[in-house]
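First comes the structure, then the notes that go with it.
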Amino acid sequence: MNKLKILLADSNRDFLTSFKKLLELSGHEVICAFDGTQVIQKLHEQNSDIVILENDIPRIAGKIIISQLNSSDIPVISILSSKINSDILLSDTLSNAYISLPFFPSELEELVTQVTDKKKKGQKTVYEDIEIDEASFRLCDKLRVTNEEINVIKALIDKEDINSRKSWPYISSLNNKLTKLNKKNRIRYVMQEGYRLVTDNE
Amino acid sequence: MNKARKKFIIYAECAIFVLLTLLLSVINVVNFTMVSEDADRITEIIASKKGTFEHDAPAEPNTNRQQFGKNKGTFEFMGPDSPELKASTRYFTFSFNEEGKAKKIAFNISAVTEEEAESWARSLINQSTGWTNVNYRYRVYEIKDKTYVTVIDQGRELLPSYRILLISIVGGAVLLGLSLIILIFVGKKLFKPLEESDRKQKQFIANAERDFKMPLTIINANTELLEKEHGQSEQTKIINKQIRKMTALVKDLSVLSISDDKNIPVAKINISDLINRLIDHNRPKFQDKNIELTTNIEDDILLGGNEEIIRKALIELIDNSLKYSVSKANFELKRSKDRIQIRQINDTTLPNGSADQVFDRFTILSNAEGANNAGLGLSYVKDAVSAHNGRCRAKVSDGNFILQIDL
């Protein structure tokens, strides 16, 4: 695994200590911050490859930090205390990935790998009028999408089965974004097949 | 106001209304009947005296005052058998022969003239007995080929009855109002603990969701750290196993709580499509468990509601039948009148009548013991259905578990 410089920001010190150690054991370099001002300060002091950020971090709203990270093109993973929902996925400032408490350490590490890999490889997938740019995490060069949304739409393009229960919020937000972009494809449930990308005539 | 409290107040008020109406009706009906009987007794006495008191011997003055009220029952000095009857009765009697010619037998009344009285009596010839002109009682009888009509004024006897009727109506209404106030007050006291416990349960779920998540994640991370530093051991394995169990429960909690937020977005959902899709998606799981899955879904039924909540509720419903069916599961969706009905039936090992508590939070029935669940699935279904003003019922009969939702 690549050695990454990770900025880990959470108001819970125990969380910081444990995950700092875990990520370091995996070979990463970890910088810790326990509130919003510290995050901004640490970001100024040194470059980070990726930021893992508590969504409700005190002192500076997560949204402001995320939009700053977006503009400086540093990927960010948000830790949510609630379940992911379409409100979050359709908000203006979007993280590159979301993870909900409680999670297993391996889930977080997997997410770090996926996000940084996508960013680094910058793969572009084109299907009919849909274009996914993994370097910028954008759909058709316009709307931002999350790591999970990219996974879902790529799976759909490859006609793979997707777990509808886990993917439901992403399917819903992707459909919403495709509508916003006036694309002709939509994600629909096809009987006996599962979720598929289909051309919508409605 | 809480729904259960409202229901209680409405039911109790209805019960009070019915009982009060019954009581007051009986009192008034009996009272009026007795007044009628008294009046009939008087006309009977008059009839027995051939239509008039005129031929009576003058009443003997009561010389033995000792006797009065002592030896004779009190009631004999009241009503029709009172010695004052002759003097206090206002009445008139006319007799009519076969040609219809009238003859005045007695006339002791001030409210009408003799001519009016005669035509009044004539109009009653074909009757037998009853009330006329509100407070006059009449009796028609035959003596020696002649038809006698006696009409007595019972106004003074009727007045108290009408007063009682008025008091009954006004008093009843006041009592209903008072009972409503008392019920609202009592309902508040009575339901406060219940509402409080419901609120606390919800609060607990919300807290558990928030306060358990972070510690779980940290314990998780440190167990993994221990394993990485000192290698896996029996103990770390057990901790891991328990963490997994708890993580699943906490996730259950967070998924299965409907916020009290009133602004849940609502849209028209094609519930037929939704159910078909979800069942279709889960069909392989039913096959894996060798459960015969049958469906009877009416097409294109639309429901106004929140898709996310309805979807989750349906998933829980399907999950429930997947978990607890023995060999058969059936789903039905149909329109009945203006409501939408969803029925889920599966065979079960539960005994009859044991399904009352399935909708309670944290309730796990005997066939689900030991399963990794918090007993929240069907309580979520119920919450979701009541959030859409629907109704849930469940029963076990002859080895079948039947769950019915009316939306």
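The table that follows gives values for the structure above.
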{"read-out": "Residue among A:171, A:132 that is without any contact (Cβ under 8 Å) to a residue 40 or more places away in the chain and within 14 Å of chain B (Cβ to nearest Cβ)", "value": "A:171"}
{"read-out": "Tally of residues being crowded, with 20+ Cβ neighbours inside 10 Å and either outside the structural domain of residue A:68 (by TED's automatic domain parsing) or over 26 Å from residue B:212 (Cα atoms) (or both) across region A:9-57", "value": "4"}
{"read-out": "Hey, residue B:243 at pLDDT below 90, surrounded by 13 or more Cβ atoms within 10 Å (Cβ to Cβ) and farther than 15 Å from residue A:83 by Cβ or not", "value": "yes"}
{"read-out": "Unique match (being part of a helix (DSSP H, G or I) and under 23 Å from residue B:38 (Cβ atoms)) among B:184, B:167", "value": "B:167"}
{"read-out": "Filter pass, residue A:95 being over 21 Å from residue A:197 (Cα atoms), at pLDDT 90 or above, away from chain B (no Cβ under 14 Å) and in a loop (DSSP other than H, G, I, E, B)", "value": "yes"}
{"read-out": "Checking residue A:119 against (1) surrounded by fewer than 19 Cβ atoms within 10 Å (Cβ to Cβ); (2) touching a residue at least 12 places away in the same chain (Cβ under 8 Å); (3) of a type in the set (Lys, Arg), the condition it does not meet", "value": "(1)"}
{"read-out": "Single residue of region B:313-339 satisfying the filter (among the acidic types (Asp, Glu) and within 34 Å of the chain's Cα centre (by Cα)) that is nearest to the other protein chains (Cβ to nearest Cβ)", "value": "B:316"}
{"read-out": "Test: residue in region B:286-297 that is touching a Leu at 6+ places or on another chain (Cβ under 6 Å), assigned to a helix (DSSP H, G or I) and in the same structural domain as residue B:375 (by TED's automatic domain parsing)", "value": "yes"}
{"read-out": "Only one of B:268, B:213, B:228 that is in a helix (DSSP H, G or I) and either surrounded by fewer than 18 Cβ atoms within 10 Å (Cβ to Cβ) or at pLDDT below 85 (or both)", "value": "B:228"}
{"read-out": "Failed item, numbered, when residue A:20 is tested on (1) out of contact with any helix residue (DSSP H, G or I) (no Cβ under 9 Å at 6 or more places or on another chain); (2) under 20 Å from residue B:217 (Cα atoms); (3) more than 14 Å from chain B (Cβ to nearest Cβ)", "value": "(3)"}
{"read-out": "Filter result for the condition that a residue is touching a helix residue (DSSP H, G or I) at 6+ places or on another chain (Cβ under 6 Å) and either at pLDDT below 70 or not in a loop (DSSP other than H, G, I, E, B) (or both), over B:94, B:75", "value": "B:94"}
{"read-out": "Residue match in region A:100-108 (condition: more than 14 Å from every other protein chain (Cβ to nearest Cβ) and either at pLDDT below 90 or part of a strand (DSSP E or B) (or both))", "value": "no"}
{"read-out": "Those residues of region B:14-38 which are surrounded by 16 or more Cβ atoms within 10 Å (Cβ to Cβ) and under 26 Å from the mean Cα position of the chain (by Cα), in sequence order", "value": "B:16, B:20, B:24, B:28"}
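Quick grid of which residues meet (1) in contact with a helix residue (DSSP H, G or I) (Cβ under 8 Å, 6 or more places away or on another chain); (2) in contact (Cβ under 8 Å) with a residue 12 or more places away in the chain; (3) of a type outside the set (Ser, Thr, Tyr):
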{"residue": "A:61", "(1), (2), (3)": "yes, yes, yes"}
{"residue": "A:67", "(1), (2), (3)": "no, yes, no"}
{"residue": "A:78", "(1), (2), (3)": "yes, yes, no"}
{"residue": "A:82", "(1), (2), (3)": "yes, yes, no"}
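The values are calculated or read from the model by the stated rules, or taken from the named source; none is laboratory data. A quick note: this is a predicted structure, and the numbers were derived from the prediction, not measured. Please note: Cβ atoms are built from the backbone with ideal geometry, for glycine as well, and neighbour counts cover all protein chains shown.
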